[in-house]
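Visitor: Structure incoming, see below.
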Amino acid sequence: QLQAFGGGLVQAGGSLRLSCACGASGKIFSNLGMGWFRQSPGKEREFVSAISWSGGSTYYTDSVKGRFTISKDNAKNTVYLQMSSLKPEDTAVYYCAASRSYFGGTSHEYVHWGQGTLVTVSS
């Protein structure tokens, strides 16, 4: 079970940190690849960022590189997405996802999904 939270309303240029808490045991969580995706109204879900089971490898879509940072705390069973220099085009519902065998940008490779948290960036 994944629960994403931390979304909200922020002005352009501001920051937010999203969290995704995992209800699995610590042993399981430490072996999960995690991803963040987002979906804006009228658009398809798109990849944002992913992190490997150990946290040693990370990936970002080009539009967020240098602004977003993904991290994984295996002691807290939580993955984070620190978002800075936010832009109106970052407005979307953000979803976290988990896989026991994959980390990357392909959404259908993830088996477990959280419920989403809304991020709204005003201009």
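Visitor: Would you tally the residues in the range 80-109 being touching a Phe, Trp or Tyr at 6+ places or on another chain (Cβ under 8 Å) and open to solvent by 10 Å² or more (accessible area, probe 1.4 Å)?
Guide: The total comes to 9.
Visitor: Is there any pair with a first residue in the range 10-27 that is within 25 Å of Ala75 (Cα to Cα) and a second that is among the small types (Gly, Ala, Ser) and open to solvent by 20 Å² or more (accessible area, probe 1.4 Å) whose Cβ atoms are under 6 Å apart and which are 6 or more apart or on different chains, and what are they?
Guide: Pairs found: Ser15/Ser84; Arg17/Gly6; Leu18/Gly6; Ser19/Gly6.
Visitor: Hey, could you check the range 22-79 for residues that are more than 13 Å from the chain's Cα centre (by Cα) and acidic (Asp, Glu) and say which is least open to solvent (accessible area, probe 1.4 Å)?
Guide: Asp73
The values are calculated or read from the model by the stated rules, or taken from the named source; none is laboratory data. Computed from a prediction, not measured in an experiment: that's the story for all the values here. Counting neighbours? That spans all protein chains shown, and the Cβs are built from the backbone with ideal geometry, glycine included. Areas reflect the complete protein model, heavy atoms only, side chains present, ligands, DNA and RNA absent. Shrake-Rupley method; radii C 1.70, N 1.55, O 1.52, S 1.80 Å.
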